[in-house]
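A quick write-up on the structure given underneath.
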Amino acid sequence: MVAKMTYAEMVEQACNGNAGKWTSRAAIKTYLTKNFGIVENAMMRNNLKKALVKFEKKGDSYKVSKKADKEKIAAKKAAAKARTEAKKQKLAAKKAAAKEKAAAKKAKVAAAKQAKKDKAAAKKAATAAKKKAASEKKAAKKAASKAKKAAKKATKKTKPAKKATKKAVKKTAPKKAVKKVSKK
């Protein structure tokens, strides 16, 4: 037996092979045996009987009913419409994903730019702080040097005065008599 077609579909194919005209039961059986390899037996007759209920009957001949034909056409149209709608949704989803991806990329680039700006600003601030610290250190060193020089000058001026007073004191002060005591 050939693959997975229902008896109704096989009978419909047999009827459509006759160009929409009436097809006898015997012709349908022959078609099924010839094209689908179905052997005539009780089970086949029973399945055929059930399948033929869906078709228009005139005596012992059958054809696809207009109602079934319209339903089939409507089903095909609905399926086509569903496929079209699915394609539209898929395309819309793809566009949304692409848009989201582009936005993420744009945000990433903007974040990188901002990080670069922040890094440059931090570097600039660090350099300015270093310069300021260096200039303050230099100014403090200069002030310390000035104070040291001033202190040196002040001590130089007072040293001769001290020497002069020491000399004057020595001259005016009486000499002390030192007694030598023998150690015997």
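Values quoted throughout were computed directly from the atomic coordinates according to the rules given, and no laboratory measurement underlies them. The model shown is predicted, which means the values in this text are computed figures rather than measured ones. Glycine also receives a Cβ, built like all others from the backbone with ideal geometry; neighbour counts cover every protein chain displayed.
So which residues in the range 49-60 are touching a helix residue (DSSP H, G or I) at 6+ places or on another chain (Cβ under 6 Å) and of a type in the set (A, V, I, L, M, F, W, C)? 51 - this is the single residue of the range 49-60 that is touching a helix residue (DSSP H, G or I) at 6+ places or on another chain (Cβ under 6 Å) and of a type in the set (A, V, I, L, M, F, W, C). Return a yes/no flag: does the range 91-102 have any residue that is surrounded by 10 or more Cβ atoms within 10 Å (Cβ to Cβ) and either touching a residue at least 12 places away in the same chain (Cβ under 8 Å) or touching a helix residue (DSSP H, G or I) at 6+ places or on another chain (Cβ under 9 Å) (or both). Checked the range 91-102: no residue is surrounded by 10 or more Cβ atoms within 10 Å (Cβ to Cβ) and either touching a residue at least 12 places away in the same chain (Cβ under 8 Å) or touching a helix residue (DSSP H, G or I) at 6+ places or on another chain (Cβ under 9 Å) (or both).
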